[in-house]
Amino acid sequence: MSYETLTYSLLKLISTHLMKKVFISLWIFSIAVGCSSKKEHLLFTAINSSVSGIDFENTITETEELNLITNEYTYMGGGVGIADFNNDSLPDLFFTANQTSNRLYINEGGLKFKDVTNSAGLTTSQWCTGISVIDINNDGWLDIYVCVSGPVDKGRRKNLLFINNHNLTFSEMAAAYGLDDQGYSTQAVFLDYDKDGWLDMFLLNHQMQGESLNKVLPKDLSGNSPRNDQLYHNEGINAKTGHPFFKNVTLITLYITKKSLCKLDF
């Protein structure tokens, strides 16, 4: 090999090696710039619980008696309500829990929250599911309706209604309002279905216990099934109590619906 050929080969090798280095450097630089650019344009930023004060966890502890096999709704979860419960124009947070207590966090501003569950009278021991935030008595302060379920006797499955006392305390009054439903409740929705100016309640239920889960059951249109959803009509202000009272009209509505369908000519 001549001197010129050897020199040319060495220069080509060096040039190729340098080009690879330049390419790799540019590639690393582009990734760094891209990552930096992405960070600058993030839509959300994670706030650590040590900063926000929100340390709620819906922890599920399985046992031989309570697990996904014995209870298919074990991991259905709870709910969260975001509302201004103390009328300071800041959104607060209410979490429902299954095996631990529900929690209320009051917004103190600057993405910092304070747990006031105990002082607010909101400590629970039931298997809670969905939450609805509603000013049920029209006093300008938001109240909390909590659905309850779980593999327990119906006496421990009564839904809860926490009435706002205007001072960051609440009183449980579901029975007084006629809303202490004892089914396996998932979620409640408040709406004025008959347009009388009063908010009524539709309750979504499920069935936890019964026959084998692998057995196909016929439809039960009687309205008496544990899984049957419920409709509660707001009867207006009770003269004795001074607050609204709700009446379960599920069977009445079902009867009227069936009667109306019988009149239809298909």
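The values are calculated or read from the model by the stated rules, or taken from the named source; none is laboratory data. Worth saying up front: this structure is predicted, and the values here are computed from it rather than measured. When we count neighbours, we look across all protein chains shown, and the Cβ atoms used for this are built from the backbone with ideal geometry, even at glycine. Remember, those area values only see protein heavy atoms, side chains included, never the ligands or the DNA or RNA. Shrake-Rupley method; radii C 1.70, N 1.55, O 1.52, S 1.80 Å.
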Accessible-area composition of the range 104-169, carbon plus sulfur, in percent [1.4 Å probe]
49
How much length is gained if the chain between Thr59 and Asp84 is pulled fully straight, taking 0.36 nm per residue apart and subtracting their Cα-Cα distance, in nm to one decimal?
6.4 nm
Longer than 27 Å from Cα to Cα, which of Lys158/Lys247; Lys215/Lys247; Lys112/Lys158; Lys195/Lys247; Lys114/Lys154 are they? Say none if no pair is.
Lys215/Lys247; Lys112/Lys158; Lys114/Lys154
For the range 34-127, listing chymotrypsin sites (Phe, Trp or Tyr not before Pro) in a DSSP loop whose Cβ sees at most 10 other Cβ atoms within 10 Å gives Phe44
Computed over the Cα atoms of the range 59-166, what is the ratio Rg over Rh, Rh following Kirkwood?
1.01
With a Cα-only, solvent-free Debye model of the range 131-172, what are the log10 I(q)/I(0) values at q = 0.20, 0.22, 0.27 Å⁻¹?
-0.62, -0.70, -0.88
If I compute solvent accessible area with a 1.4 Å probe over the protein chains, what percent of it on the range 46-98 is carbon and sulfur?
55
For the range 78-210, what is the accessible area per residue in Å² when the probe is 1.4 Å?
41
When the dipole is taken about the Cα centre of the range 86-205, and only Lys, Arg (+1) and Asp, Glu (-1) are charged at their Cβ, what size is it in debye, to the nearest 20?
540
